[in-house]
Amino acid sequence: MTTALNENNVPSHTLATGLGGMGLPPVRVTAPFTAVVFGATGDLTARKLVPALFRLWKGGFFTAPFAVLGVGRRDKDDARFRADLRDAAHSLAGVEVAADWDRFAGSVYYHRADFSAAEGYADLARRLGEVEAGSGNPGNRLYYLATDPDHFPSIVEQLAGAGLLTPAAGQPWTRVVVEKPFGRDLASALTLDRHLRRFLGEEQIFRIDHYLGKETVQNLLAFRFGNGIFEPLFNRRYIDHIQITMAEVDGMTGRRGAWYDRTGALRDVVQNHLLQLLALVAMEPPASLGADDVRAEKVKVLRSLVPLRDADVPRRVIRGQYGPMLIDGQDHRGFRDEEGVAVNSATETFVALRAEVDNWRWAGVPFLLRAGKRLPRRVTEVAVEFKRAPTGLFTAPVRGGGLCDRGCDCGATCECCNAGVQPNTLAFRIQPDEGISLSFAAKRPGMRLALGPVRMEFGYAESFDKPVPEAYERLLLDAIRGDPTLFLRSDEVTAAWEFVTPILEAWERQPAPPFPNYAAGSWGPVEADRLLSGCEREWHQSP
Ligand code: BG6
(Lines give C-alpha, C1' and ligand atoms only; values in the text may rest on other atoms or scores of the structure.)
Protein backbone atom coordinates (compact mmCIF):
# COMPACT_ATOMS: atom_id res chain seq x y z
CA MET A 1 0.00 0.00 0.00
CA THR A 2 1.34 3.48 -0.75
CA THR A 3 0.52 6.71 1.06
CA ALA A 4 0.55 10.24 -0.36
CA LEU A 5 3.79 11.98 0.46
CA ASN A 6 3.76 15.68 1.23
CA GLU A 7 0.50 16.61 -0.37
CA ASN A 8 0.71 20.11 1.13
CA ASN A 9 -3.05 20.20 1.44
CA VAL A 10 -3.30 21.52 -2.07
CA PRO A 11 -6.94 21.58 -3.16
CA SER A 12 -7.81 19.39 -6.12
CA HIS A 13 -8.84 22.27 -8.38
CA THR A 14 -5.51 23.98 -8.64
CA LEU A 15 -4.79 24.61 -12.26
CA ALA A 16 -3.65 27.96 -13.59
CA THR A 17 -3.92 27.37 -17.32
CA GLY A 18 -2.97 24.11 -18.93
CA LEU A 19 -2.23 21.22 -16.67
CA GLY A 20 0.72 23.02 -15.19
CA GLY A 21 -1.04 24.67 -12.31
CA MET A 22 -0.67 21.75 -9.92
CA GLY A 23 0.37 23.21 -6.59
CA LEU A 24 -0.86 26.77 -7.23
CA PRO A 25 -3.55 28.51 -5.20
CA PRO A 26 -7.12 27.50 -6.00
CA VAL A 27 -8.67 28.94 -9.11
CA ARG A 28 -11.88 30.89 -8.98
CA VAL A 29 -14.18 32.39 -11.55
CA THR A 30 -14.11 36.08 -10.76
CA ALA A 31 -16.15 37.57 -13.62
CA PRO A 32 -19.92 37.12 -13.94
CA PHE A 33 -21.09 34.62 -16.55
CA THR A 34 -24.19 32.82 -17.76
CA ALA A 35 -24.17 29.14 -18.70
CA VAL A 36 -26.81 28.64 -21.39
CA VAL A 37 -27.61 24.94 -21.64
CA PHE A 38 -29.36 23.70 -24.78
CA GLY A 39 -31.03 20.36 -24.10
CA ALA A 40 -32.01 21.49 -20.62
CA THR A 41 -34.57 18.76 -20.04
CA GLY A 42 -32.21 15.93 -20.96
CA ASP A 43 -30.46 13.45 -18.68
CA LEU A 44 -27.03 15.04 -19.07
CA THR A 45 -28.23 18.38 -17.77
CA ALA A 46 -30.03 16.92 -14.77
CA ARG A 47 -27.51 14.25 -13.84
CA LYS A 48 -24.19 15.86 -14.68
CA LEU A 49 -24.14 19.50 -15.71
CA VAL A 50 -26.33 21.16 -13.10
CA PRO A 51 -25.00 19.04 -10.19
CA ALA A 52 -21.46 19.95 -11.32
CA LEU A 53 -22.31 23.67 -11.41
CA PHE A 54 -23.97 23.31 -8.00
CA ARG A 55 -20.87 21.71 -6.51
CA LEU A 56 -18.59 24.33 -8.03
CA TRP A 57 -20.75 27.08 -6.62
CA LYS A 58 -20.90 25.36 -3.23
CA GLY A 59 -17.15 24.85 -3.29
CA GLY A 60 -16.69 28.61 -3.64
CA PHE A 61 -15.38 28.57 -7.20
CA PHE A 62 -17.78 31.27 -8.42
CA THR A 63 -17.01 34.51 -6.65
CA ALA A 64 -18.97 36.70 -9.06
CA PRO A 65 -22.68 36.48 -9.83
CA PHE A 66 -23.63 33.77 -12.31
CA ALA A 67 -26.73 32.35 -13.92
CA VAL A 68 -27.75 29.09 -15.55
CA LEU A 69 -30.32 29.40 -18.33
CA GLY A 70 -31.71 26.08 -19.48
CA VAL A 71 -33.16 26.05 -22.99
CA GLY A 72 -35.49 23.21 -23.90
CA ARG A 73 -38.51 22.38 -25.99
CA ARG A 74 -40.75 21.25 -23.16
CA ASP A 75 -43.20 23.56 -21.58
CA LYS A 76 -41.90 24.49 -18.13
CA ASP A 77 -41.40 27.58 -16.05
CA ASP A 78 -38.44 28.44 -13.84
CA ALA A 79 -40.08 26.94 -10.76
CA ARG A 80 -40.85 23.61 -12.44
CA PHE A 81 -37.36 23.44 -13.94
CA ARG A 82 -35.75 24.10 -10.55
CA ALA A 83 -37.94 21.51 -8.85
CA ASP A 84 -37.14 18.87 -11.50
CA LEU A 85 -33.43 19.55 -11.20
CA ARG A 86 -33.63 19.38 -7.45
CA ASP A 87 -35.35 15.99 -7.59
CA ALA A 88 -32.77 14.67 -10.02
CA ALA A 89 -29.85 16.01 -7.98
CA HIS A 90 -31.37 14.64 -4.80
CA SER A 91 -31.24 11.12 -6.19
CA LEU A 92 -27.51 11.38 -6.93
CA ALA A 93 -25.03 10.11 -4.40
CA GLY A 94 -22.72 12.82 -3.17
CA VAL A 95 -24.97 15.78 -3.96
CA GLU A 96 -26.18 17.26 -0.69
CA VAL A 97 -28.88 19.51 -2.00
CA ALA A 98 -30.88 20.22 1.12
CA ALA A 99 -29.81 23.52 2.65
CA ASP A 100 -27.98 25.23 -0.16
CA TRP A 101 -30.00 24.18 -3.14
CA ASP A 102 -32.56 26.96 -2.99
CA ARG A 103 -29.92 29.64 -2.91
CA PHE A 104 -28.19 28.07 -5.89
CA ALA A 105 -31.46 27.48 -7.72
CA GLY A 106 -32.28 31.17 -7.43
CA SER A 107 -29.77 31.65 -10.25
CA VAL A 108 -31.27 28.93 -12.47
CA TYR A 109 -33.81 29.81 -15.18
CA TYR A 110 -35.66 28.06 -17.97
CA HIS A 111 -36.48 29.24 -21.46
CA ARG A 112 -38.70 27.31 -23.81
CA ALA A 113 -37.60 27.37 -27.45
CA ASP A 114 -37.58 25.37 -30.64
CA PHE A 115 -33.85 25.02 -31.42
CA SER A 116 -34.37 25.13 -35.14
CA ALA A 117 -36.68 28.17 -35.42
CA ALA A 118 -35.02 31.56 -35.92
CA GLU A 119 -37.81 33.45 -34.11
CA GLY A 120 -37.03 31.60 -30.90
CA TYR A 121 -33.59 33.17 -30.77
CA ALA A 122 -34.88 36.72 -30.63
CA ASP A 123 -36.87 35.67 -27.55
CA LEU A 124 -33.79 33.96 -26.17
CA ALA A 125 -31.79 37.15 -26.66
CA ARG A 126 -34.41 39.08 -24.70
CA ARG A 127 -34.46 36.50 -21.91
CA LEU A 128 -30.70 36.40 -21.70
CA GLY A 129 -30.61 40.17 -21.48
CA GLU A 130 -33.03 40.07 -18.53
CA VAL A 131 -31.13 37.33 -16.75
CA GLU A 132 -27.83 39.09 -17.26
CA ALA A 133 -29.15 42.47 -16.17
CA GLY A 134 -30.21 40.86 -12.90
CA SER A 135 -26.72 39.54 -12.25
CA GLY A 136 -24.64 42.45 -13.55
CA ASN A 137 -23.19 40.21 -16.26
CA PRO A 138 -21.83 42.22 -19.20
CA GLY A 139 -22.59 39.25 -21.49
CA ASN A 140 -19.99 36.53 -20.77
CA ARG A 141 -21.64 33.37 -22.03
CA LEU A 142 -20.90 29.70 -22.08
CA TYR A 143 -23.28 27.95 -24.46
CA TYR A 144 -23.44 24.24 -23.75
CA LEU A 145 -24.81 22.09 -26.58
CA ALA A 146 -26.27 19.07 -24.81
CA THR A 147 -28.89 18.33 -27.46
CA ASP A 148 -29.00 15.64 -30.10
CA PRO A 149 -25.93 16.39 -32.28
CA ASP A 150 -28.24 16.97 -35.27
CA HIS A 151 -29.12 20.34 -33.73
CA PHE A 152 -25.57 21.60 -33.23
CA PRO A 153 -25.16 23.33 -36.61
CA SER A 154 -28.46 25.15 -36.53
CA ILE A 155 -28.12 26.25 -32.90
CA VAL A 156 -24.77 27.91 -33.58
CA GLU A 157 -25.99 29.46 -36.81
CA GLN A 158 -29.10 30.85 -35.14
CA LEU A 159 -27.11 32.17 -32.18
CA ALA A 160 -24.90 34.01 -34.62
CA GLY A 161 -27.92 35.26 -36.56
CA ALA A 162 -29.43 36.67 -33.39
CA GLY A 163 -26.18 38.46 -32.53
CA LEU A 164 -25.57 36.23 -29.53
CA LEU A 165 -21.97 35.30 -30.38
CA THR A 166 -19.14 37.75 -29.85
CA PRO A 167 -15.97 37.72 -31.96
CA ALA A 168 -13.22 35.33 -30.88
CA ALA A 169 -10.93 37.84 -29.25
CA GLY A 170 -13.74 40.14 -28.18
CA GLN A 171 -15.28 41.03 -24.88
CA PRO A 172 -17.59 39.96 -23.39
CA TRP A 173 -16.54 36.41 -24.15
CA THR A 174 -18.55 33.69 -25.85
CA ARG A 175 -17.58 30.01 -25.70
CA VAL A 176 -19.45 26.99 -27.01
CA VAL A 177 -19.13 23.55 -25.49
CA VAL A 178 -19.94 20.83 -28.02
CA GLU A 179 -20.87 17.43 -26.64
CA LYS A 180 -19.63 14.24 -28.22
CA PRO A 181 -19.76 12.47 -30.57
CA PHE A 182 -18.43 15.24 -32.79
CA GLY A 183 -19.84 14.03 -36.12
CA ARG A 184 -20.73 10.48 -37.16
CA ASP A 185 -17.66 9.86 -39.29
CA LEU A 186 -14.77 11.76 -40.79
CA ALA A 187 -16.79 13.57 -43.45
CA SER A 188 -19.55 14.73 -41.10
CA ALA A 189 -17.03 15.80 -38.44
CA LEU A 190 -15.20 17.93 -41.00
CA THR A 191 -18.47 19.43 -42.19
CA LEU A 192 -19.51 20.23 -38.63
CA ASP A 193 -16.13 21.75 -37.94
CA ARG A 194 -16.24 23.95 -41.02
CA HIS A 195 -19.72 25.05 -40.07
CA LEU A 196 -18.76 25.98 -36.51
CA ARG A 197 -15.68 27.80 -37.74
CA ARG A 198 -17.86 30.08 -39.87
CA PHE A 199 -19.22 31.56 -36.68
CA LEU A 200 -16.60 30.88 -34.02
CA GLY A 201 -12.84 30.93 -33.61
CA GLU A 202 -11.13 27.65 -32.66
CA GLU A 203 -10.42 29.13 -29.21
CA GLN A 204 -14.16 29.54 -28.66
CA ILE A 205 -15.01 25.90 -29.45
CA PHE A 206 -14.72 23.51 -26.51
CA ARG A 207 -15.16 19.95 -27.82
CA ILE A 208 -15.79 17.95 -24.72
CA ASP A 209 -14.73 14.42 -23.89
CA HIS A 210 -15.62 14.00 -20.25
CA TYR A 211 -12.96 11.31 -19.79
CA LEU A 212 -10.33 14.04 -19.93
CA GLY A 213 -11.93 15.64 -16.88
CA LYS A 214 -11.43 12.54 -14.76
CA GLU A 215 -8.65 12.90 -12.21
CA THR A 216 -7.39 9.42 -12.94
CA VAL A 217 -7.09 10.18 -16.64
CA GLN A 218 -5.06 13.31 -15.93
CA ASN A 219 -3.03 11.16 -13.57
CA LEU A 220 -1.79 9.15 -16.55
CA LEU A 221 0.30 12.18 -17.49
CA ALA A 222 1.26 12.95 -13.90
CA PHE A 223 2.38 9.38 -13.39
CA ARG A 224 4.29 9.06 -16.63
CA PHE A 225 6.05 12.41 -16.72
CA GLY A 226 6.22 13.29 -13.02
CA ASN A 227 8.19 10.17 -12.03
CA GLY A 228 11.59 9.01 -13.12
CA ILE A 229 11.12 5.27 -12.73
CA PHE A 230 8.65 4.16 -15.34
CA GLU A 231 9.01 6.41 -18.35
CA PRO A 232 12.30 4.85 -19.51
CA LEU A 233 10.41 1.55 -19.72
CA PHE A 234 7.45 2.89 -21.66
CA ASN A 235 8.40 1.66 -25.11
CA ARG A 236 8.49 -1.35 -27.39
CA ARG A 237 11.65 -2.67 -25.79
CA TYR A 238 10.00 -3.39 -22.45
CA ILE A 239 6.28 -3.42 -23.06
CA ASP A 240 4.55 -6.44 -24.53
CA HIS A 241 1.17 -4.85 -25.06
CA ILE A 242 -1.30 -2.37 -23.60
CA GLN A 243 -4.95 -3.04 -22.86
CA ILE A 244 -7.63 -0.41 -22.46
CA THR A 245 -10.96 -1.61 -21.12
CA MET A 246 -14.17 0.32 -20.58
CA ALA A 247 -16.75 -2.11 -19.25
CA GLU A 248 -20.23 -1.00 -18.24
CA VAL A 249 -22.87 -2.97 -16.39
CA ASP A 250 -25.72 -0.76 -17.56
CA GLY A 251 -27.52 -1.33 -20.79
CA MET A 252 -29.71 1.45 -22.15
CA THR A 253 -30.42 3.91 -19.35
CA GLY A 254 -33.13 6.58 -19.49
CA ARG A 255 -34.35 7.24 -23.02
CA ARG A 256 -31.08 6.42 -24.73
CA GLY A 257 -32.09 3.35 -26.71
CA ALA A 258 -33.06 5.07 -29.95
CA TRP A 259 -30.00 7.34 -29.95
CA TYR A 260 -27.65 4.49 -29.14
CA ASP A 261 -29.18 2.34 -31.85
CA ARG A 262 -28.14 5.03 -34.36
CA THR A 263 -24.72 5.37 -32.80
CA GLY A 264 -23.17 2.14 -31.49
CA ALA A 265 -20.20 1.56 -29.21
CA LEU A 266 -17.50 2.45 -31.74
CA ARG A 267 -18.82 5.97 -32.22
CA ASP A 268 -20.10 6.37 -28.66
CA VAL A 269 -16.96 5.59 -26.69
CA VAL A 270 -14.12 4.19 -28.81
CA GLN A 271 -13.68 7.16 -31.17
CA ASN A 272 -13.36 9.46 -28.19
CA HIS A 273 -12.83 8.05 -24.67
CA LEU A 274 -10.75 5.00 -25.57
CA LEU A 275 -8.63 6.71 -28.20
CA GLN A 276 -7.98 9.57 -25.80
CA LEU A 277 -6.78 7.10 -23.17
CA LEU A 278 -4.58 5.50 -25.81
CA ALA A 279 -3.16 8.89 -26.79
CA LEU A 280 -2.36 9.77 -23.18
CA VAL A 281 -0.65 6.49 -22.45
CA ALA A 282 1.36 6.52 -25.68
CA MET A 283 2.25 10.20 -26.18
CA GLU A 284 5.71 11.71 -25.92
CA PRO A 285 6.45 14.12 -23.08
CA PRO A 286 5.05 17.51 -24.12
CA ALA A 287 7.27 20.60 -24.28
CA SER A 288 5.09 22.15 -21.58
CA LEU A 289 1.79 21.42 -19.91
CA GLY A 290 0.13 24.19 -21.91
CA ALA A 291 -2.92 23.41 -24.01
CA ASP A 292 -1.22 23.36 -27.39
CA ASP A 293 1.80 21.35 -26.38
CA VAL A 294 -0.24 18.62 -24.69
CA ARG A 295 -2.71 18.39 -27.56
CA ALA A 296 0.02 18.40 -30.20
CA GLU A 297 1.56 15.28 -28.66
CA LYS A 298 -1.79 13.50 -28.52
CA VAL A 299 -2.45 14.28 -32.17
CA LYS A 300 0.88 12.75 -33.15
CA VAL A 301 -0.12 9.46 -31.54
CA LEU A 302 -3.54 9.42 -33.17
CA ARG A 303 -1.96 10.14 -36.54
CA SER A 304 0.44 7.25 -36.04
CA LEU A 305 -2.35 4.70 -35.62
CA VAL A 306 -2.02 2.15 -38.39
CA PRO A 307 -5.15 2.38 -40.55
CA LEU A 308 -7.18 -0.80 -40.74
CA ARG A 309 -8.01 -1.97 -44.25
CA ASP A 310 -11.19 -3.84 -45.16
CA ALA A 311 -9.39 -7.15 -44.98
CA ASP A 312 -7.99 -6.37 -41.49
CA VAL A 313 -11.31 -5.43 -39.96
CA PRO A 314 -12.87 -8.88 -39.43
CA ARG A 315 -9.66 -10.13 -37.80
CA ARG A 316 -8.78 -7.05 -35.82
CA VAL A 317 -12.14 -5.57 -34.81
CA ILE A 318 -14.71 -7.70 -33.03
CA ARG A 319 -18.22 -6.36 -32.57
CA GLY A 320 -20.92 -7.70 -30.34
CA GLN A 321 -24.46 -7.06 -29.25
CA TYR A 322 -25.93 -8.26 -25.97
CA GLY A 323 -28.79 -10.67 -25.86
CA PRO A 324 -31.14 -11.40 -22.95
CA MET A 325 -29.98 -13.23 -19.87
CA LEU A 326 -31.30 -14.36 -16.53
CA ILE A 327 -28.97 -12.96 -13.85
CA ASP A 328 -29.64 -13.70 -10.15
CA GLY A 329 -33.18 -14.68 -10.98
CA GLN A 330 -33.75 -11.40 -12.80
CA ASP A 331 -34.53 -11.29 -16.45
CA HIS A 332 -32.20 -8.86 -18.25
CA ARG A 333 -33.30 -7.66 -21.64
CA GLY A 334 -31.31 -8.03 -24.77
CA PHE A 335 -30.42 -4.87 -26.70
CA ARG A 336 -33.10 -5.52 -29.29
CA ASP A 337 -35.74 -5.54 -26.53
CA GLU A 338 -34.69 -2.15 -25.16
CA GLU A 339 -37.06 0.77 -25.63
CA GLY A 340 -36.42 2.64 -28.87
CA VAL A 341 -34.21 -0.07 -30.38
CA ALA A 342 -35.14 -1.79 -33.65
CA VAL A 343 -36.12 -5.45 -33.22
CA ASN A 344 -33.56 -6.46 -35.85
CA SER A 345 -30.94 -3.91 -34.85
CA ALA A 346 -27.42 -4.55 -36.19
CA THR A 347 -25.86 -1.98 -33.84
CA GLU A 348 -22.86 -3.03 -31.79
CA THR A 349 -22.93 -2.65 -28.01
CA PHE A 350 -19.44 -4.14 -27.67
CA VAL A 351 -16.22 -3.55 -29.58
CA ALA A 352 -12.78 -5.04 -29.10
CA LEU A 353 -9.98 -4.07 -31.41
CA ARG A 354 -6.28 -4.42 -31.89
CA ALA A 355 -4.54 -1.20 -32.85
CA GLU A 356 -0.92 -0.37 -33.55
CA VAL A 357 0.90 2.90 -33.15
CA ASP A 358 3.52 3.04 -35.84
CA ASN A 359 6.22 5.23 -34.36
CA TRP A 360 9.68 4.69 -32.93
CA ARG A 361 8.45 4.19 -29.42
CA TRP A 362 5.61 1.78 -30.06
CA ALA A 363 6.05 -0.03 -33.39
CA GLY A 364 4.96 -3.64 -33.00
CA VAL A 365 3.28 -3.20 -29.59
CA PRO A 366 -0.41 -4.14 -29.75
CA PHE A 367 -2.90 -1.76 -28.16
CA LEU A 368 -5.95 -3.85 -27.29
CA LEU A 369 -9.10 -1.84 -26.75
CA ARG A 370 -12.47 -3.10 -25.61
CA ALA A 371 -15.67 -1.41 -24.56
CA GLY A 372 -19.08 -2.81 -23.95
CA LYS A 373 -22.48 -2.42 -22.37
CA ARG A 374 -24.01 -5.00 -20.07
CA LEU A 375 -20.72 -6.57 -19.05
CA PRO A 376 -20.35 -8.18 -15.61
CA ARG A 377 -18.58 -5.29 -13.90
CA ARG A 378 -18.18 -1.53 -14.27
CA VAL A 379 -14.51 -0.96 -14.75
CA THR A 380 -12.37 1.35 -16.85
CA GLU A 381 -8.68 0.69 -16.79
CA VAL A 382 -5.46 0.84 -18.73
CA ALA A 383 -3.24 -2.19 -18.19
CA VAL A 384 0.36 -2.00 -19.36
CA GLU A 385 1.83 -5.46 -19.61
CA PHE A 386 5.62 -5.69 -19.62
CA LYS A 387 7.68 -8.30 -21.40
CA ARG A 388 8.68 -11.33 -19.41
CA ALA A 389 12.05 -11.60 -17.79
CA PRO A 390 14.47 -12.68 -20.51
CA THR A 391 15.77 -15.85 -18.90
CA GLY A 392 13.86 -18.97 -18.03
CA LEU A 393 15.46 -19.14 -14.61
CA PHE A 394 12.19 -19.46 -12.80
CA THR A 395 10.06 -20.96 -15.47
CA ALA A 396 9.28 -24.63 -15.47
CA PRO A 397 8.22 -25.52 -18.98
CA VAL A 398 5.92 -28.45 -19.25
CA ARG A 399 7.60 -30.95 -21.49
CA GLY A 400 6.55 -34.10 -23.23
CA GLY A 401 2.90 -33.49 -23.69
CA GLY A 402 2.12 -32.05 -20.25
CA LEU A 403 -1.05 -30.06 -19.89
CA CYS A 404 -1.04 -26.32 -20.11
CA ASP A 405 -3.22 -25.16 -17.23
CA ARG A 406 -4.64 -22.30 -19.26
CA GLY A 407 -6.31 -24.75 -21.56
CA CYS A 408 -4.81 -23.09 -24.61
CA ASP A 409 -3.38 -24.82 -27.62
CA CYS A 410 0.11 -23.45 -27.21
CA GLY A 411 1.92 -26.77 -27.15
CA ALA A 412 3.82 -28.62 -24.54
CA THR A 413 6.61 -26.14 -23.89
CA CYS A 414 4.46 -23.23 -23.01
CA GLU A 415 6.17 -20.94 -20.53
CA CYS A 416 2.93 -19.55 -19.30
CA CYS A 417 2.28 -22.83 -17.56
CA ASN A 418 4.46 -21.71 -14.70
CA ALA A 419 1.73 -19.85 -12.89
CA GLY A 420 4.32 -18.34 -10.55
CA VAL A 421 5.89 -16.13 -13.20
CA GLN A 422 3.35 -13.75 -14.59
CA PRO A 423 4.40 -10.75 -16.64
CA ASN A 424 4.55 -7.48 -14.69
CA THR A 425 1.45 -5.43 -15.18
CA LEU A 426 0.98 -1.79 -14.37
CA ALA A 427 -2.75 -1.17 -14.15
CA PHE A 428 -4.26 2.31 -14.05
CA ARG A 429 -7.73 1.98 -12.57
CA ILE A 430 -9.62 4.90 -14.04
CA GLN A 431 -12.82 3.92 -12.24
CA PRO A 432 -14.19 2.77 -9.88
CA ASP A 433 -11.78 2.26 -6.97
CA GLU A 434 -9.45 4.78 -8.60
CA GLY A 435 -5.78 3.95 -8.28
CA ILE A 436 -2.78 2.17 -9.73
CA SER A 437 -1.38 -1.28 -9.11
CA LEU A 438 1.86 -2.94 -10.13
CA SER A 439 2.04 -6.70 -10.13
CA PHE A 440 5.27 -8.60 -9.96
CA ALA A 441 6.60 -11.97 -8.88
CA ALA A 442 7.88 -12.71 -5.39
CA LYS A 443 9.22 -15.81 -3.77
CA ARG A 444 6.53 -17.80 -2.07
CA PRO A 445 7.30 -18.58 1.56
CA GLY A 446 8.61 -22.12 1.90
CA MET A 447 11.60 -24.34 1.30
CA ARG A 448 11.32 -24.33 -2.49
CA LEU A 449 12.20 -21.46 -4.79
CA ALA A 450 8.75 -21.03 -6.20
CA LEU A 451 7.31 -17.68 -7.23
CA GLY A 452 3.88 -16.22 -6.77
CA PRO A 453 2.23 -13.03 -8.07
CA VAL A 454 1.94 -10.04 -5.68
CA ARG A 455 0.82 -6.44 -6.10
CA MET A 456 1.77 -2.96 -4.99
CA GLU A 457 -1.25 -0.73 -4.68
CA PHE A 458 -2.00 2.96 -4.74
CA GLY A 459 -5.61 3.95 -4.06
CA TYR A 460 -6.85 7.52 -4.32
CA ALA A 461 -9.27 7.00 -1.46
CA GLU A 462 -6.61 5.78 0.97
CA SER A 463 -3.82 8.10 -0.11
CA PHE A 464 -5.58 11.43 -0.31
CA ASP A 465 -8.12 12.78 2.11
CA LYS A 466 -10.17 14.56 -0.54
CA PRO A 467 -12.91 13.18 -2.70
CA VAL A 468 -12.09 12.90 -6.39
CA PRO A 469 -14.06 15.68 -8.16
CA GLU A 470 -16.48 14.78 -10.91
CA ALA A 471 -15.17 15.14 -14.45
CA TYR A 472 -17.83 17.67 -15.40
CA GLU A 473 -16.89 19.94 -12.50
CA ARG A 474 -13.36 20.28 -13.70
CA LEU A 475 -14.37 20.67 -17.33
CA LEU A 476 -17.06 23.26 -16.70
CA LEU A 477 -14.69 25.24 -14.54
CA ASP A 478 -12.04 25.14 -17.28
CA ALA A 479 -14.49 26.14 -20.00
CA ILE A 480 -15.77 29.07 -17.96
CA ARG A 481 -12.19 30.11 -17.33
CA GLY A 482 -11.29 29.66 -20.98
CA ASP A 483 -8.71 26.90 -20.54
CA PRO A 484 -8.95 24.45 -23.46
CA THR A 485 -6.25 21.97 -22.37
CA LEU A 486 -8.70 19.23 -21.46
CA PHE A 487 -10.86 19.77 -24.53
CA LEU A 488 -10.26 18.32 -27.97
CA ARG A 489 -8.65 20.36 -30.67
CA SER A 490 -10.09 20.07 -34.15
CA ASP A 491 -7.12 18.07 -35.49
CA GLU A 492 -7.43 15.52 -32.65
CA VAL A 493 -11.03 14.83 -33.54
CA THR A 494 -10.11 14.51 -37.20
CA ALA A 495 -7.26 12.10 -36.49
CA ALA A 496 -9.53 9.91 -34.33
CA TRP A 497 -12.15 9.76 -37.08
CA GLU A 498 -9.48 8.95 -39.63
CA PHE A 499 -8.81 5.77 -37.71
CA VAL A 500 -12.42 4.88 -36.92
CA THR A 501 -14.14 5.72 -40.21
CA PRO A 502 -12.57 2.91 -42.29
CA ILE A 503 -13.86 0.45 -39.68
CA LEU A 504 -17.38 1.84 -39.96
CA GLU A 505 -17.15 1.67 -43.74
CA ALA A 506 -15.87 -1.91 -43.70
CA TRP A 507 -18.76 -2.87 -41.43
CA GLU A 508 -21.20 -1.39 -43.90
CA ARG A 509 -19.78 -3.57 -46.64
CA GLN A 510 -19.39 -6.72 -44.58
CA PRO A 511 -22.16 -8.85 -43.10
CA ALA A 512 -22.75 -8.25 -39.39
CA PRO A 513 -22.13 -11.22 -37.13
CA PRO A 514 -25.27 -13.05 -36.04
CA PHE A 515 -26.48 -10.67 -33.33
CA PRO A 516 -27.01 -11.00 -30.42
CA ASN A 517 -23.69 -12.72 -29.86
CA TYR A 518 -23.05 -12.28 -26.16
CA ALA A 519 -25.30 -12.68 -23.17
CA ALA A 520 -26.00 -9.72 -20.91
CA GLY A 521 -23.70 -10.12 -17.92
CA SER A 522 -20.89 -11.85 -19.82
CA TRP A 523 -17.55 -10.42 -20.99
CA GLY A 524 -18.63 -10.08 -24.61
CA PRO A 525 -18.29 -12.37 -27.60
CA VAL A 526 -15.65 -15.09 -27.27
CA GLU A 527 -14.12 -13.93 -30.55
CA ALA A 528 -12.66 -10.97 -28.62
CA ASP A 529 -10.13 -13.38 -27.09
CA ARG A 530 -8.74 -14.06 -30.54
CA LEU A 531 -7.25 -10.58 -30.57
CA LEU A 532 -4.86 -11.62 -27.86
CA SER A 533 -3.08 -14.04 -30.15
CA GLY A 534 -0.91 -16.60 -28.35
CA CYS A 535 -1.42 -18.26 -25.04
CA GLU A 536 0.63 -15.77 -23.06
CA ARG A 537 -1.90 -12.98 -23.31
CA GLU A 538 -5.31 -12.69 -21.82
CA TRP A 539 -7.65 -9.84 -21.01
CA HIS A 540 -6.58 -8.21 -17.79
CA GLN A 541 -9.01 -8.35 -14.88
CA SER A 542 -8.43 -6.15 -11.87
CA PRO A 543 -9.30 -8.03 -8.71
C1 BG6 B 1 -20.67 8.49 -22.37
C2 BG6 B 1 -21.33 7.49 -23.27
O3 BG6 B 1 -19.83 9.33 -23.11
O4 BG6 B 1 -19.91 7.82 -21.38
C5 BG6 B 1 -22.17 6.52 -22.47
O6 BG6 B 1 -22.14 8.17 -24.20
C7 BG6 B 1 -21.38 5.91 -21.35
O8 BG6 B 1 -22.71 5.50 -23.30
C9 BG6 B 1 -20.69 7.00 -20.54
O10 BG6 B 1 -22.26 5.17 -20.52
C11 BG6 B 1 -19.79 6.40 -19.49
O12 BG6 B 1 -19.24 7.42 -18.72
P13 BG6 B 1 -18.57 7.08 -17.33
O14 BG6 B 1 -17.98 8.36 -16.89
O15 BG6 B 1 -19.65 6.57 -16.43
O16 BG6 B 1 -17.55 6.02 -17.60
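The values are calculated or read from the model by the stated rules, or taken from the named source; none is laboratory data. Every value quoted in this text rests on a predicted model; they were computed, and no experiment measured them. With ideal geometry, Cβ positions are generated from the backbone for all residues, glycine too; neighbour counts draw on all protein chains shown.
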* Asked: Among the numbered criteria (1) in contact with a Gly (Cβ under 6 Å, 6 or more places away or on another chain); (2) surrounded by 22 or more Cβ atoms within 10 Å (Cβ to Cβ), which single criterion is violated by ARG175?
  -> (1)
* Structure fact -> Picked from the range 220-248 (must be surrounded by 14 or more Cβ atoms within 10 Å (Cβ to Cβ) and among the β-branched types (Val, Ile, Thr)), the residue farthest from the chain's Cα centre (by Cα) is ILE239
* Asked: So how many residues does the range 267-294 have that are over 26 Å from ASP240 (Cα atoms) and either more than 16 Å from the ligand (Cβ to nearest atom) or not in a helix (DSSP H, G or I) (or both)?
  -> 7
* Structure fact -> Restricting the range 75-94 to residues that are out of contact with any helix residue (DSSP H, G or I) (no Cβ under 7 Å at 6 or more places or on another chain) and at pLDDT below 90, the one surrounded by the fewest Cβ atoms within 10 Å (Cβ to Cβ) turns out to be ALA93
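Going by what's in this entry, would ALA118 be described as farther than 30 Å from LEU275 by Cα, surrounded by fewer than 19 Cβ atoms within 10 Å (Cβ to Cβ) and in contact with a helix residue (DSSP H, G or I) (Cβ under 7 Å, 6 or more places away or on another chain)? Full working, then the answer.
Numbers: farther than 30 Å from LEU275 by Cα: yes; surrounded by fewer than 19 Cβ atoms within 10 Å (Cβ to Cβ): yes; in contact with a helix residue (DSSP H, G or I) (Cβ under 7 Å, 6 or more places away or on another chain): yes.
Yes; evaluated as a whole, the condition is true for this residue.
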* Having 2 or more residues that are crowded, with 19+ Cβ neighbours inside 10 Å is the bar; report the helices (runs of 4 or more DSSP H) wholly within the range 444-543 that clear it. => 471-481, 490-509
* Asked: In the set ARG388, ARG361, ARG354, ARG406, which member is away from the ligand (no atom under 16 Å from the Cβ), surrounded by fewer than 19 Cβ atoms within 10 Å (Cβ to Cβ) and at pLDDT 95 or above?
  -> ARG361
